[in-house]
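The next block holds one structure in the form of structure tokens; read it before the comments.
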Amino acid sequence: MDGHGVSKVGLTSAEARRRLERDGPNEAVAPRRYASVIALLARFKNPLIILLIIAAVLSGVLGDRTSAVIIIAIVVLSTLLDFLNTYKSEQAAEALKARVRVSAAVYRDGAVQELPVRCLVVGDVVELKAGDIIPADGTVLEGEHFYVNEAVLTGEAFPKPKEPNAALYEGSSTVSGDGLMLVTATARNTKFSRIAASITSKEPPTEFDHEIRDFSVLIIRITFGLVLFIFLVNALLKHNLLDSLLFSVALAVGLTPELLPMIITLNLTKGSLAMAKRGVIVKRLSAIQNFGSMDVLCTDKTGTLTEDKIVLIKYVDAAGKPSEDVLHHAYVSSTFESGFKSPLDEAVKNYRTIDISDYHKVDEIPFDFERRRASVVVRSDRGLSLITKGAPEQILKICTFHTTRERSMTDAGRAAAIRQYQALSRDGFRVLAVAARQLRTHERYDAHDEAEMTLLGFIAFLDPAKKTVSGTLKRMRQNGIDIKILTGDNDLVTEKIARDIHLKIQGVLTGAEITKLDDPALAEKIEGTTIFARVDPEQKMRIIRLLQANGHVVGYMGDGINDAPSLRAADTGISVNNAVDIAKDTADLILVHKSLADLIEGVIEGRRTFANTVKYLKMALSSNFGNMFSMAGASLLLPFLPMLAPQILLNNLLYDSSQFALPLDTVDTDAIQRPQKLSIRALKRFMLVFGPLSSIFDFITFGVLYGVFHLTGGEFQTGWFVESIATQTFVIYILRTRHLPFVQSRPSWYLTGSTVLAVAAGCFVAYGGLGHFFHFSPLHTGVNLAVAGIVLAYLVAIQLAKGAFYRRVSF
């Protein structure tokens with residue numbers, strides 16, 4: 001028993017439930033009750049919404065109760081609609097995240113159970129193995145050669161050994177060895193949570209987030225400048241302060257692209273659900289935009305380009321002759337290693353069962369990514385031996401003898417061993433070298449004992465190239481994605497695999513060559529390099545960052561402990577569902593199966609999501625920006641308000657409702673064949689072309705309604721309301737595609753239905769029994785035909801302008 005009243009068999013389920021109820025779930029931030037109600041009420045903190053509510057109250061106090069009721073009703077309805085859609089999106093995203101929750105192996109009722117980390121309580125006993133994330137604060141109960149990386153807390157890159165009674169901290173990760181920990185603190189009481197509480201917990205914004213923010217700031221500044229101008233003009237010239245205030249505030253709501261965050265969220269959620277059906281689980285919604293923009297994918301070859309079925313094929317001495325002695329020593333090593341578990345060890349043990357009952361493990365020097373080798377100290381009838389297995393380059397460095405006859409390794413002998421290793425590699429084998437030496441007895445053994453060893457020979461494994469991957473790679477190239485292989489394996493094996501899958505090799509760089517290059521030289525070199533072999537985690541991360549500095553959107557696919565830094569550095573980190581915990585926790589997206597075919601489907605879905613988001617931006621720029629100038633001009637030219645506040649808000653509500661179907665719209669094939677990036681410069685040029693064009697037709701409408709038909713007040717406002725809702729809603733058919741709408745590119749039935757219903761609802765209110773509530777007046781047939789003609793002429797003009805715009809601007 002220990003100070004917490006538990007033994008190594010763990011807690012009972014009843015006691016664990018009691019402690020969970022007492023301390024709460026093991027989460028850095030406890031779930032907030034009534035979060036949905038708070039989120040709904042938070043939407044009313046918007047300054048524009050507050051101004052509208054104040055204006056509505058003033059209207060009611062001054063006798064215009066109808067306008068007050070309409071304004072309040074539309075504000076509440078719009079806010080509720082926004083909240084419900086966003087809430088559903090967030091719930092769907094959380095459901096997807098739940099599929100990749102990190103779990104822990106916990107002793108409960110005397111048996112090990114796999115439980116979500118949120119269920120851990122103080123006093124739990126947790127099993128840890130290489131690759132696991134430490135799920136809470138605790139102490140080591142058992143552990144030998146147990147190394148933990150605490151970089152997330154201390155910034156120290158090298159793993160630290162953890163002996164019994166040593167402290168463990170949530171968020172750090174195990175690198176090698178197995179251990180048992182006793183949980184001593186959970187949730188907000190952990191060191192990690194206390195640090196997190198003192199800094200922002202938000203995810204860093206993506207490049208797309210920055211561009212959207214800059215776009216929103218630009219639009220809001222222009223909008224408020226013009227709205228202030230319109231308010232002053234109407235207040236000074238028309239002398240009705242309340243109507244001018246209502247008009248200006250409603251106009252600000254109508255012109256600001258307030259739906260943008262929700263449209264993006266809806267797009268991303270729809271995209272994440274579609275990607276989940278294709279085997280890609282999205283952990284971070286904003287990563288979908290980067291996923292679609294990705295033009296370089298960095299990946300290891302094992303399991304991605306190969307079958308991930310490693311089989312031992314050969315065991316030879318340094319001269320290339322079959323050697324049972326090499327197999328015997330490799331089997332002993334693989335059996336007694338307890339640190340980093342490699343599939344190569346499993347392949348050795350599965351090849352043949354060898355009787356090693358006379359061997360007893362004395363100690364172990366576990367694998368690490370610096371040495372790239374592992375050793376075991378064993379006692380047998382041969383005496384005390386050190387058996388080392390690892391990367392041939394690293395093993396040859398510590399060998400001064402070769403073969404069991406203890407011959408000194410001459411330069412010629414070393415060269416012959418290297419040639420044998422290279423020959424195996426060229427044939428596509430993954431090769432490990434095996435070495436051994438006799439030891440004298442002493443208390444502890446470490447890496448310094450790995451010296452003056454005898455090279456026994458090599459064991460060679462085969463992981464054949466995937467037969468289906470060639471077609472997938474061709475499809476990725478067709479979709480503008482360049483593949484770069486970053487592997488710890490040697491260049492010869494990697495080149496063989498690349499040739500087998502018909503991957504064009506532009507260039508090869510090894511880790512040793514990369515070390516000799518400074519950043520500018522490497523940044524230039526990596527553009528023409530396909531294979532990066534024998535690279536360590538630091539070099540992988542350096543390659544990714546230099547690719548990003550060169551203007552690429554980089555994805556990284558990995559599933560191991562050493563992949564975590566690269567997954568974090570990449571624009572899009574991609575892992576697989578059977579990866580180690582730290583890789584899954586770091587990644588933005590999780591593949592249910594380690595398949596490039598699933599990945600390319602996810603990329604295409606990301607591009608669809610991006611394309612539908614840009615459609616809304618184009619809509620907002622063509623209608624909102626144009627309406628700003630139209631309203632400013634109307635305020636100067638007309639002796640009355642061109643539209644009342646309730647009419648503007650109704651127009652905005654109907655228009656917004658029609659846009660909820662945008663995430664379900666179809667996307668043209670040519671829009672998803674190449675990576676796309678959001679360009680604020682291109683958006684500004686789009687705004688300067690289509691915004692003024694929209695204003696021109698608004699002024700034509702003003703001229704026809706006021707100058708030709710001599711309409712004023714309610715009749716004028718009815719005519720412009722119908723023209724405005726029709727033009728800004730139907731223009732989506734044209735701006736959603738570069739092609740001829742309905743003939744070369746058809747919108748989805750969802751979008752067609754939502755836009756038609758929105759315009760029909762606007763006409764029904766304007767011409768029906770509800771019209772008098774909004775101060776609409778009936779129009780005669782001639783006016784209606786003229787409005788219909790203006791709408792048709794506007795759509796034709798937009799189509800012609802679109803063709804000319806895209807011939808000059810890449811967007």
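The values are calculated or read from the model by the stated rules, or taken from the named source; none is laboratory data. These numbers were taken from a predicted model, which means no experiment stands behind them. Positions of Cβ are generated from backbone atoms using ideal geometry, with glycine treated the same way; all protein chains shown enter the neighbour counts. The area values use the complete protein model at the heavy-atom level, side chains included, leaving out ligands, DNA and RNA. Shrake-Rupley method; radii C 1.70, N 1.55, O 1.52, S 1.80 Å.
Just a few scattered comments:
- Segment 442-456, residues that are closer than 13 Å to Met409 by Cα and either of a type in the set (Val, Ile, Thr) or surrounded by 21 or more Cβ atoms within 10 Å (Cβ to Cβ) (or both): Met453, Thr454, Leu455, Leu456
- Residue match in segment 750-771 (condition: loosely packed, with under 13 Cβ neighbours inside 10 Å and under 28 Å from Met687 (Cα atoms)): yes
- Flag if Arg608 is of a type in the set (D, E, K, R) and without any contact (Cβ under 8 Å) to a residue 60 or more places away in the chain: no
- Selection count, segment 114-134, where residues are assigned to a loop (DSSP other than H, G, I, E, B) and open to solvent by 10 Å² or more (accessible area, probe 1.4 Å): 4
- From Gly602, Gly633, Gly606, residue being among the small types (Gly, Ala, Ser), touching a strand residue (DSSP E or B) at 6+ places or on another chain (Cβ under 7 Å) and part of a helix (DSSP H, G or I): Gly602
- Selection status of Leu654, at pLDDT 80 or above, open to solvent by 20 Å² or more (accessible area, probe 1.4 Å), under 27 Å from Phe231 (Cα atoms) and not in a loop (DSSP other than H, G, I, E, B): yes
- Single match in Arg534, Arg545 (criterion: of a type outside the set (Gly, Ala, Ser), touching a helix residue (DSSP H, G or I) at 6+ places or on another chain (Cβ under 8 Å) and modelled with pLDDT of 90 or more): Arg545
- Residue match in segment 558-581 (condition: modelled with pLDDT under 80, touching a strand residue (DSSP E or B) at 6+ places or on another chain (Cβ under 7 Å), in a helix (DSSP H, G or I) and not hydrophobic (A, V, I, L, M, F, W, C)): yes
- Residue list for segment 347-375, restricted to those being of a type in the set (Asp, Glu) and open to solvent by 80 Å² or more (accessible area, probe 1.4 Å): Asp355, Glu370
- A Cβ distance below 9 Å, combined with a sequence gap of six or more or placement on separate chains, defines the contacts here; from segment 789-811, residues that are under 25 Å from Arg681 (Cα atoms) and outside any helix (DSSP H, G or I) reach residues that are open to solvent by 30 Å² or more (accessible area, probe 1.4 Å) and hydrophobic (A, V, I, L, M, F, W, C) in the pairs Val809/Val689.
- Condition check for Thr718: part of a helix (DSSP H, G or I), without any contact (Cβ under 8 Å) to a residue 24 or more places away in the chain and either of a type in the set (Ser, Thr, Tyr) or open to solvent by less than 10 Å² (accessible area, probe 1.4 Å) (or both): no
- Those residues of segment 80-113 which are at pLDDT 70 or above and either among the β-branched types (Val, Ile, Thr) or outside any helix (DSSP H, G or I) (or both), in sequence order: Val102, Ser103, Ala104, Ala105, Val106, Tyr107, Arg108, Asp109, Gly110, Ala111, Val112, Gln113
- Residue among Leu617, Leu589 that is open to solvent by less than 10 Å² (accessible area, probe 1.4 Å), farther than 30 Å from Ile696 by Cα, under 38 Å from the mean Cα position of the chain (by Cα) and not small (Gly, Ala, Ser): Leu589
- Only one of Ala645, Ala671 that is among the aliphatic types (A, V, I, L, M) and more than 23 Å from Ile222 (Cβ to Cβ): Ala671
- Residue tally, condition outside any strand (DSSP E or B) and either within 50 Å of the chain's Cα centre (by Cα) or free of Cβ contacts under 8 Å to residues at least 40 places away in the same chain (or both), over segment 383-437: 28
- Some residue of segment 386-398 being open to solvent by less than 20 Å² (accessible area, probe 1.4 Å), more than 26 Å from Ser338 (Cβ to Cβ) and of a type outside the set (Gly, Ala, Ser): no
- The one condition from (1) assigned to a helix (DSSP H, G or I); (2) without any contact (Cβ under 8 Å) to a residue 40 or more places away in the chain; (3) among the aliphatic types (A, V, I, L, M) that Ala761 does not meet is (2).
- Within segment 287-296, the presence of a residue that is outside any strand (DSSP E or B), open to solvent by 40 Å² or more (accessible area, probe 1.4 Å) and out of contact with any helix residue (DSSP H, G or I) (no Cβ under 9 Å at 6 or more places or on another chain) is excluded.
Results for (1) modelled with pLDDT of 75 or more; (2) surrounded by fewer than 23 Cβ atoms within 10 Å (Cβ to Cβ); (3) touching a helix residue (DSSP H, G or I) at 6+ places or on another chain (Cβ under 8 Å); (4) not acidic (Asp, Glu), shown as yes or no for each residue.
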| position | (1), (2), (3), (4) |
| --- | --- |
| Thr139 | yes, yes, no, yes |
| Tyr147 | yes, yes, no, yes |
| Leu153 | no, yes, yes, yes |
| Ala157 | no, yes, yes, yes |
| Pro161 | yes, yes, no, yes |
| Ala167 | yes, yes, no, yes |
| Ser173 | yes, no, yes, yes |
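- Residue in segment 471-487 that is β-branched (Val, Ile, Thr), modelled with pLDDT of 95 or more and either assigned to a helix (DSSP H, G or I) or under 18 Å from Ala330 (Cβ atoms) (or both) present: no
- Odd one out for Asp463 among (1) modelled with pLDDT under 85; (2) surrounded by fewer than 21 Cβ atoms within 10 Å (Cβ to Cβ); (3) closer than 29 Å to Asp300 by Cα: (2)
- Flag for Leu228 being out of contact with any Pro (no Cβ under 9 Å at 6 or more places or on another chain) and either at pLDDT 70 or above or over 25 Å from Pro116 (Cα atoms) (or both): yes
- Counting the residues of segment 404-438 that are open to solvent by less than 80 Å² (accessible area, probe 1.4 Å) and touching a Gly at 6+ places or on another chain (Cβ under 8 Å) gives 5.
- Among the residues of segment 673-691, at least one is among the β-branched types (Val, Ile, Thr), surrounded by fewer than 22 Cβ atoms within 10 Å (Cβ to Cβ) and closer than 22 Å to Gln728 by Cα.
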